Amino acid sequence: MTIGKVSLLFLVSMIGKSVGFSVGGTFLSAAQKAALEETAAAVATPGKGITACDEGPGTIGARFEAVGIENTEENRRLYRQMLFEAEGCENYLSAAILDPETLYQRSDSGLLFPEVLSKKGIVPGIKPHLKIYTLPGTNGDTVMQGLDSLAVRCKEYYDAGARFAKWRSPLVIDMAKGCPTDLAIRANMHDLARYALICQSEGLMPIVEPDISLSGSHTLEEAVDVNIRVQSELFKAMIDHGVYMAGSTLKPNIVNPGKNCPVNYSVEEIAEANIFVFEQSFPVAMKGCNYLSGGQDLATAAARLSAINQANKKGPWNLSFSWSQALQLPLLDLCKGEDELQLEKMSKLYIEELKIAGASAKGEYKWAKGDGDHVGTKKEALEPVAA
Ligand SMILES: *[C@@H]1O[C@H](CO)[C@@H](O)[C@H](O)[C@H]1NC(C)=O
Ligand SMILES: *[C@@H]1O[C@H](CO)[C@@H](O)[C@H](O)[C@H]1NC(C)=O
């Protein structure tokens with residue numbers, strides 16, 4: 001009797017598993033869902049993170065020219081080749097985000113870069129958004145363009161070997177001006193949700209990136225408030241759009257006080273703020289997040305990521321990095337005063353940096369005292385003294 005009841009319950013729960021629970025991804029086959037989920041799990045591999053090198057030719061060019069390197073397609077190719085082929089980088093990298101130009105370039109070996117990456121177990125991905133656009137009538141709030149042509153481009157990128165995409169929606173906190181406005185939060189998070197939906201239908205695992213800038217003078221408490229508003233709007237929009245949550249991951253900013261915030265915060269307080277934000281609304285259906293660096297240098301970003309992982313006692317998510325400038329600016333500094341890319345020196349330093357990043361993603365990086373703390377800016381330092 002009891003045995004019969006138990007097995008009936010078991011049967012009902014099995015049926016529930018196969019036919020029910022379809023809140024998102026109803027437009028996807030079981031195989032498509034499994035593929036997206038597999039990519040999300042690979043990107044969220046514990047202790048590994050993402051090398052973000054999706055700067056367009058103009059942005060990377062400005063960084064090259066700042067250290068005296070000519071901005072040619074060949075230099076861009078050589079530089080990205082180093083980022084992908086540095087010996088042992090696959091021990092710390094789960095994924096790489098590429099600019100469309102890089103997706104179609106080849107390594108010296110003759111292989112296309114997505115093939116080079118896939119062979120090393122690094123998932124190749126793409127940045128499919130276009131240029132930023134200022135919303136008229138707001139105090140400078142923006143949206144990202146590129147949704148109209150997205151499906152066609154996603155198809156091309158998938159065929160070229162990309163398996164995920166990343167769309168960045170930047171927002172700026174300015175408490176005095178009331179930014180970001182509710183309108184800007186809604187518009188940007190809905191765009192991210194629509195982007196995610198389109199990506200999934202084309203086979204690309206979407207990384208959603210709400211990027212709240214480090215600039216400003218807001219406190220950590222104010223940042224927590226804005227981050228919760230932004231993230232809860234994002235996840236609600238994704239669910240409303242029917243995005244398959246388990247087949248997507250998050251690339252958020254580290255929740256920080258503004259760069260010019262006058263109040264001091266320890267790295268542990270910053271870590272706690274980040275976990276608090278996630279506890280409010282980050283779905284556990286999503287496998288993980290890879291924080292952006294957004295102007296924090298490597299020592300700061302690594303200390304904060306390591307502290308966040310140490311503070312993450314309850315969350316099931318794998319919390320790691322998706323860094324561009326924090327990794328790349330020190331590499332480019334090695335080229336100062338030289339005429340050419342110092343590829344060998346750069347690749348050695350890059351591996352040292354990745355070791356630090358990988359340890360932070362496990363909460364094992366031991367930061368130097370003071371690293372990752374926010375030291376309040378004195379008010380006098382901010383306002384020019386009237387002559
Ligand atoms: C984090 O990674 C581990 C190892 O791959 C995995 O077992 C776990 O499910 C991941 N967390 C989530 C929320 O997927
Ligand atoms: C903030 O930190 C700095 C550097 O550690 C210290 O000099 C300053 O006194 C601190 N300010 C406050 C209000 O504690």
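The values are calculated or read from the model by the stated rules, or taken from the named source; none is laboratory data. In this text, all values refer to a predicted model and were calculated from it rather than measured experimentally. Note: ideal-geometry Cβ built from the backbone for every residue, glycine included; neighbour counts use all protein chains shown. These area figures cover heavy atoms from the full protein model, side chains too; ligands, DNA and RNA do not enter into them. Shrake-Rupley method; radii C 1.70, N 1.55, O 1.52, S 1.80 Å.
A cut-off of 5 Å between modelled amide H atoms, ignoring neighbours fewer than 5 places along the same chain, links TYR291 with SER320, PHE321, SER322. Highest mean first, the peptides 61-69, 164-172 sorted by other C-beta atoms within 10 Å per residue fall in the order 164-172, 61-69. Around SER107, what is the net charge, scoring Lys/Arg as +1 and Asp/Glu as -1 over all other residues with Cβ under 12 Å from its Cβ? With Lys, Arg at +1 and Asp, Glu at -1, the net is +2. For the stretch 24-361, the relative contact order is 21 percent, taking Cα pairs closer than 8 Å that sit 6 or more residues apart in sequence and dividing their mean separation by the residue count. For the stretch 229-240, putting each phi into the Karplus relation 6.51 cos²θ - 1.76 cosθ + 1.60 with θ = phi - 60° gives couplings of 4, 5, 5, 5, 5, 4, 5, 4, 5, 4, 5, 4 Hz, in residue order, rounded to whole numbers and with x for Gly and Pro.
Using alpha-carbon positions, what is the distance between the centroids of the stretch 75-135 and the stretch 273-311, in Å? What the calculation gives is 24 Å, centre to centre.
Hull volume per residue, based on the alpha-carbon atoms of the chain and their convex hull, is 172 Å³. Counting only lysines at least 8 places from LYS166 when in the same chain, those with an alpha carbon closer than 16 Å to its own are LYS127, LYS131, LYS155, LYS251, LYS287.
Under 5 Å between amide hydrogens, built in the peptide plane, is the criterion, and for GLY216 it picks out LYS259, ASN260 among residues at least 5 positions away or on other chains.
Of all the options TYR350, TYR79, TYR133, the one that moves most in a Gaussian network model of the chain with Cα springs shorter than 10 angstrom is TYR133. Evaluating 6.51 cos²θ - 1.76 cosθ + 1.60 at θ = phi - 60° for every residue in the stretch 47-52, the Karplus couplings come out as x, 10, x, 10, 8, 9 Hz, glycine and proline recorded as x.
Comparing LYS313, LYS366, LYS236 in a Gaussian network model of the chain, where Cα atoms under 10 Å apart are tied by springs, the biggest mean-square fluctuation is seen for LYS313. Taken per residue, the accessible surface of the chain reaches 45 Å², heavy atoms only and a 1.4 Å probe. Amide hydrogen proximity for ALA165: with H placed 1.01 Å from N in the peptide plane, the residues at 5 or more positions away or on another chain lying under 5 Å are ILE126, MET205, ILE207.
Phi-derived couplings, Karplus 6.51 cos²θ - 1.76 cosθ + 1.60 at θ = phi - 60°, listed residue by residue for the stretch 351-368: 5, 4, 5, 5, 4, 5, 4, x, 5, 5, 5, 9, x, 9, 6, 9, 7, 6 Hz, with x used for Gly and Pro. Between the listed residues ILE212, GLY68, GLY47, the Cα displaced farthest toward the positive end of the dipole of the chain, a dipole computed from Cβ unit charges relative to the Cα centre, is found at GLY47.
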